[in-house]
1. For the stretch 111-190, place one equal point scatterer on every Cα, skip the solvent, and apply the Debye formula. What is log10 of I(q)/I(0) at q = 0.16, 0.23, 0.26 Å⁻¹?
2. Over the chain, give the accessible area per residue in Å² for a 1.4 Å probe, as an integer.
3. What is the dipole size for the stretch 153-270, taken about its Cα centre, with +1 at each Lys and Arg Cβ and -1 at each Asp and Glu Cβ, in debye to the nearest 20?
4. Using helices alone, I'd like the mean residue ellipticity at 222 nm for the chain: each DSSP H run of four-plus residues gives -39500 (n - 2.57), total over residue count, nearest 500.
5. Over the chain, calculate the relative contact order: mean separation of alpha carbon pairs under 8 Å at least 6 apart, over the residue count, as a percent.
6. What is the percent carbon and sulfur in the accessible area of the chain, measuring with a 1.4 Å probe over the protein chains and ignoring ligands?
7. Tell me which of F439, I390, W40 sits at the most positive position along the dipole axis of the chain, charges placed on C-beta atoms (Lys, Arg +1; Asp, Glu -1).
8. Show me, for the stretch 262-277, the HN-Hα J-couplings you get by feeding each phi into the Karplus relation (A = 6.51, B = -1.76, C = 1.60, θ = phi - 60°), rounded to Hz, glycine and proline as x.
Amino acid sequence: MENKTIIQFFEWYLPSDGTLWEKAAACAADLKNTGITSVWLPPAYKGAAGAASVGYDVYDLYDLGEFDQKGSVRTKYGTRDQYLTAVRALHDAGLEVYADIVFNQMMGADETEKITAVDTKPTDREEQISGPHEIEAWTKFTFPGRSGKYSDHTWDKKNFSGTDFDQATGAKGIFLFDGKRWNQETDSENVNFDYLMGVDLDTDDADTYKALTDWGSWYFDTVHPDGLRLDAVKHMSFDFYRRWLRFMREREGRDFFAVGEYWSGDLKKLLHYLNVVVDGMPERTLPERTQNPSGSFRQEADERTSAAEGTPLTLFDVPLHYSFLRAAQNGQNFDMQSLFTDTLVEARPECAVTFIDNHDTEPGQALESYIPEWFKPIAYSMILLRENGIPCIFYGDYYGVENANESPILDLKKLIRIRSRYAYGPQTDYFDDHSVVGFTRSGDSEHPDSGLAVLATAGAEGTKYMALGPAFAGKTLRDALGRHNDPVRLDEQGGGVFHVHGGYVSVWLTEPAYQDIRIHF
């Protein structure tokens with residue numbers, strides 16, 4: 001089986017010029033050749049900010065850049081036709097396409113409605129701090145620019161549970177609508193963290209749930225995504241995606257990949273969510289599928305990389321992201337032996353999507369926690385070359401961030417190719433020092449010249465003896481990142497003393513693999 005590698009194909013500060021879909025199509029072959037297997041595209045539907053919307057201020061799920069709404073026909077990224085063309089181009093290149101699903105909130109309603117509501121305490125959403133009173137809320141979505149094409153469903157106050165603004169008085173707060181309650185199984189921050197922004201979808205409402213399954217059916221028939229990224233899952237009833245994913249998978253007849261964004265550095269919260277959603281998912285029978293001996297599934301008619309690998313839902317490993325941040329901030333004072341302590345990839349590796357940064361961690365964003373540039377090659381080596389977790393590359397690290405005048409991360413494309421071709425076989429860890437840590441991969445018979453040794457430090461330079469196994473006895477390894485000119489000749493145990501410069505990483509490959517990397521970079 002080939003190693004899966006996802007790229008998040010956007011960042012927050014992309015120009016609003018409608019060219020991203022065209023770029024995705026044009027870059028498909030390069031992404032595939034580098035070693036990317038899956039492309040996560042941003043929300044494709046019209047947001048309240050129209051052509052300036054990143055996509056999380058959802059206005060019309062059915063408008064993929066086709067209708068004159070919110071001041072433009074296209075979205076920030078292009079038109080509907082350009083979007084579908086990009087998806088086809090990525091598929092034609094042998095890449096999977098993951099769609100970004102935003103169901104927690106909507107914004108930019110067409111009309112207001114008068115609603116009886118109560119004020120709730122911001123730090124304890126279950127505590128009501130006023131009696132019932134009337135507010136005027138932006139809850140009526142009629143989509144006049146679309147005129148009922150694809151769906152005649154409109155949204156109104158019955159589909160929502162709360163909002164944060166009263167148009168009549170200009171008052172701001174967290175207003176719970178009369179006859180509604182916040183979803184009861186959500187993150188415990190603020191006692192109940194159902195409400196996030198805009199108007200909050202009531203996913204317990206039968207009409208709301210049906211509207212979302214109807215849209216999902218239309219979207220899969222129209223776009224044909226291979227998997228989904230699920231936004232803000234901690235703000236929604238934990239039971240919702242268990243039901244919705246089961247419905248969609250049974251309809252599609254395939255166990256497509258899904259990764260949820262549960263933003264918390266607390267591993268216990270992620271594990272609880274997985275216990276509810278993944279471990280609580282019943283077994284299901286999927287038509288037209290072949291089960292491999294390993295228990296994973298494959299589509300007979302689909303030659304693209306298998307995505308789900310039998311796991312109903314994965315989560316982004318936010319605790320690991322924060323561990324990388326602490327390591328980068330503390331440098332030589334950070335204990336590198338603890339890098340993976342209390343992380344999802346350590347606790348439930350089959351459910352972990354590892355990452356370094358994303359659009360929310362960029363400077364100026366609500367979750368700003370950007371990993372310093374010097375540490376990123378170390379961090380990427382730790383998610384790309386180890387055996388556990390599915391790594392997700394950030395667009396800004398692959399292409400650079402024009403708005404911030406940031407260049408692509410040094411050696412990142414090399415590391416992706418090394419993962420794709422050579423990071424295979426059993427792993428042996430050498431996390432036995434405060435500063436200098438490493439690991440080896442022993443390769444396998446399916447991938448010629450596979451196997452490697454990795455040594456990294458956030459402090460001063462150092463050395464370490466590491467072994468790949470007797471099959472490598474007498475072989476010569478070279479640093480594919482080019483920091484060390486002298487090769488390491490392995491002993492009868494396939495071991496040798498490897499070196500790393502301070503604040504960096506060295507990646508040692510067999511001579512043929514090393515030459516392959518030199519040729520391509």
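1. Taken in order of the listed q values, log10 I(q)/I(0) reads -0.65, -1.05, -1.22.
2. So the chain comes to 38 Å² accessible per residue, rounded to a whole number.
3. Computed charge dipole of the stretch 153-270: roughly 200 debye.
4. -7500 deg cm²/dmol, from helical runs alone.
5. Relative contact order of the chain: 11 percent.
6. After summing per-atom areas, the C and S share lands at 47 percent.
7. Positive-end residue among those listed: F439.
8. 10, 7, 7, x, 8, 4, 4, 5, 5, 5, 4, 4, 5, 4, 6, 7
The values are calculated or read from the model by the stated rules, or taken from the named source; none is laboratory data. Just so we're clear, the structure is a prediction, and the values are computed from it rather than from any experiment. Please note: Cβ atoms are built from the backbone with ideal geometry, for glycine as well, and neighbour counts cover all protein chains shown. Calculation scope for accessible area: heavy atoms of the full protein, side chains included, ligands and nucleic acids excluded. Shrake-Rupley method; radii C 1.70, N 1.55, O 1.52, S 1.80 Å.
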